[in-house]
Amino acid sequence: MRGVRPWVLALLLGGSALSQNARPPKGQPPRSVLYVGNSFFYFNDGVHRMVSGLLDAGERQSEYRSTSRTRGGAALSEHDVEAYLKPIAVAPPSAVDGAQPASAEIAPPFDAVIMADCSQCPVNPQLRGAFHEYARKHSQTVAKHGARPILFMTWAYADRPEMTAQLAEQYTEAGRETGALVVPAGLAFARAIARNPRIDLYNPDKRHPAVAGSYLSACTILLAVYGKSPVGNPYTGGLDRKTAEFLQQIAEETVKQYLGQ
């Protein structure tokens with residue numbers, strides 16, 4: 001793979017070259033998560049809903065909530081993350097007709113923000129600089145609001161597999177630059193295809209995820225962000241049990257390798 005750094009090749013060949021720099025989850029898992037991105041997130045009724053399905057089906061010890069701010073084809077540079085994270089004042093029970101007193105209690109709305117750039121932005125020479133600029137800017141904004149910044153590594157197009165290494169390199173570098181956790185969904189796609197190419201992770205357009213692709217993404221998020229193994233989870237996202245179990249295992253292997261666990 002011409003122009004790809006050695007540690008990326010080591011990772012794709014099964015090594016754990018990122019273990020010294022990856023940032024696995026620490027402390028309590030987030031109870032409230034905002035997803036910021038584009039159609040890769042909202043296809044198949046939303047990857048955040050699949051993550052919720054996995055959480056609901058597992059051993060649920062606390063309430064989780066999530067929502068998304070997405071638009072088709074949107075780059076990170078097109079999202080106003082500062083506006084998304086502005087705290088909302090909530091009137092106490094004594095407020096009349098919803099009137100807000102000046103001293104209304106204000107609380108941060110999210111514990112973590114998962115962000116994805118447009119599918120080509122991190123690897124397009126003309127857009128790569130903006131990817132790193134806004135990954136840094138938005139991560140700082142998220143941290144300022146008391147939440148954890150998380151970058152979602154997207155996948156290669158079905159007819160452009162060379163994008164896998166390119167995307168992995170750019171997202172990992174952005175994670176190092178910003179201190180953000182990186183969810184290696186793109187690497188999970190590549191591993192699943194190598195292991196069983198008969199499972200179709202893509203829609204016919206060869207870009208967007210099929211249900212299996214969204215489910216695989218959700219499984220990677222479950223382990224990388226929440227620290228919960230997807231293996232054995234009864235929620236299948238509408239897939240047959242055998243396919244779901246295969247994707248659960250792929251997600252677990254990929255995340256553990258990437259985060260050096």
- Using beta carbons and a limit of 8 Å, which pairs, at least six apart or on different chains, have the first residue in the range 233-245 and closer than 12 Å to Tyr215 by Cα and the second one among the charged types (D, E, K, R)? Tyr235/Asp56
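Could you list, in sequence order, all residues of the range 204-227 that are surrounded by fewer than 18 Cβ atoms within 10 Å (Cβ to Cβ) and touching a residue at least 24 places away in the same chain (Cβ under 8 Å)? Talk me through it step by step, then tell me what you get.
Here is the first cut: in the range 204-227, the ones surrounded by fewer than 18 Cβ atoms within 10 Å (Cβ to Cβ) are 204-206, 210, 227.
Once the filter is applied, which keeps residues that are surrounded by fewer than 18 Cβ atoms within 10 Å (Cβ to Cβ) and touching a residue at least 24 places away in the same chain (Cβ under 8 Å), the range 204-227 yields Lys206, Ala210, Gly227.
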- Give the range 28-45 a look and list any residue that's in a strand (DSSP E or B) and of a type in the set (S, T, N, Q), or say none. Ser32
- Note on the structure: Listed by first then second residue, the pairs whose first member lies in the range 48-75 and is within 13 Å of Lys228 (Cα to Cα) and assigned to a helix (DSSP H, G or I), whose partner is at pLDDT 95 or above and among the β-branched types (Val, Ile, Thr), with beta carbons under 6 Å and at least 6 positions apart or on separate chains, are Val51/Ile221
- Subset of the range 151-182, residues part of a helix (DSSP H, G or I) and touching a Leu at 6+ places or on another chain (Cβ under 8 Å), comes to Thr164, Ala165, Ala168, Tyr171, Thr172, Ala174, Gly175, Thr178
- Message: Just to be sure before I move on: is Val183 surrounded by 22 or more Cβ atoms within 10 Å (Cβ to Cβ), β-branched (Val, Ile, Thr) and closer than 22 Å to Thr67 by Cβ in the structure I sent?
- Response: yes
- Considering only helices (runs of 4 or more DSSP H) fully contained in the range 183-261, which possess at least 2 residues that are farther than 20 Å from Phe152 by Cβ and over 19 Å from the mean Cα position of the chain (by Cα)? 185-195, 241-259
- Task: Check Gly227, Gly186 and return the single one that is in contact with a Phe, Trp or Tyr (Cβ under 6 Å, 6 or more places away or on another chain) and farther than 14 Å from Ala244 by Cβ.
- Result: Gly186
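Have a look at Gln170, Gln166 and point out the one that is at negative phi and touching a Phe, Trp or Tyr at 6+ places or on another chain (Cβ under 8 Å). If you could, list the steps in order and put the result at the bottom.
Details: Gln166 fails: touching a Phe, Trp or Tyr at 6+ places or on another chain (Cβ under 8 Å).
Result of the check over Gln170, Gln166: Gln170.
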- Out of (1) touching a Lys or Arg at 6+ places or on another chain (Cβ under 8 Å); (2) modelled with pLDDT of 95 or more, the one Glu63 does not meet is (2)
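The values are calculated or read from the model by the stated rules, or taken from the named source; none is laboratory data. Here the structure is a predicted model, which means the values were calculated and not measured. For neighbour counting, all protein chains shown are included, and Cβ atoms are generated from backbone atoms with ideal geometry for every residue, glycine included.
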